[in-house]
Amino acid sequence: MGTVILCKDLHIRLGSGASEVHVLKGIDLEVEAGESLSLVGPSGSGKSTLLMAMAGLERPDSGQVAIEGTDITRLGEDDLARIRGRSVGIVFQSFHLIPNMTALENVAVPLELAGEKDAFERAEAELADVGLGDRITHYPAELSGGEQQRVAIARALVPRPALLLADEPTGNLDGANGKMIADLLFEAGARRGTTLVLVTHDPGLAERSSRVVRLQSGRIVDDGARERPAAELAMSS
């Protein structure tokens, strides 16, 4: 299947001087194509920082992050943006929609930036796929939290990325909406072969992943690779 994400001896420090914090301390992690992986651990363990490093949004002090074989730590901002636009979809806890754009316009943004001529047709199809075909002309303020997160998922998926990253995607939602969002994320991964990596405090959400990686104080204390053998996964699916 191939490796989608490779992190090698990753170190990240945030802040400076007396307030500097060594957030990631030598992370080694390999994520295969089609995996669903949850990053879990206490607050401050480095989960979100690791996810942002995978997205190329946080630069490591040392070590390597490679996406589909390309070492993104060596890229300039323009090349990094191109890789991110093509290979990585990101879903945040707080949606990050553009308030003065409709749902359709929000979803079309990454395709327009990439110069795709069928941006709006693909955006409309993606919104229909997440159950919002009748809400395409609505602005974020006219949508519920669950609907806004569905727009954000459609925007993340519309470029057909190899990797979907989600940072506490259900954190701002009630139980019913949270389950709907989780269903969408895992179904997208299974149906499209998209690799899913998510940060979550929700044990039930983590349990749905094929692999759970536990962090503590900036280190991986359990990489989950041997917790659920392939035969067991096949029986449970």
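The values are calculated or read from the model by the stated rules, or taken from the named source; none is laboratory data. The model shown is predicted, which means the values in this text are computed figures rather than measured ones. Cβ sites come from the backbone with ideal geometry, for glycine too, and all protein chains shown count toward neighbours. Note: areas computed on protein heavy atoms with side chains; ligands, DNA, RNA excluded. Shrake-Rupley method; radii C 1.70, N 1.55, O 1.52, S 1.80 Å.
Miscellaneous remarks
- The range 122-176 and the range 1-60: distance between their alpha carbon centers, rounded to Å: 25
- Near M180, once Lys and Arg are set to +1 and Asp and Glu to -1 for all other residues with Cβ below 11 Å from its Cβ, the sum equals -2.
- Volume of the Cα convex hull of the range 61-108, divided per residue and given in Å³: 125
- D (Stokes-Einstein, µm²/s), Kirkwood Cα radius, the chain, 1.567 mPa s at 4 °C: 71
- Summed over the residues of the chain and divided among them, the accessible surface reaches 48 Å² per residue at a probe radius of 1.4 Å.
- Rounded to 5, the percent of DSSP beta bridges in the chain classed as antiparallel: 55
- Surface share of carbon and sulfur [accessible, 1.4 angstrom probe, percent] for the chain: 50
- With contacts taken as Cα pairs under 8 Å and at least 6 residues apart, the range 63-171 reaches a relative contact order of 39 percent.
- Antiparallel beta bridges, as assigned by DSSP with both residues in the range 66-205, represent about 20 percent of the total such bridges.
- Under the span-like rule (Cα at least 30 Å along the axis, Kyte-Doolittle mean at least 1.6), DSSP H helices of the chain: none
- Three-way shape call for the range 84-131 based on the alpha-carbon gyration tensor, with the a/c threshold at 1.5: rounded
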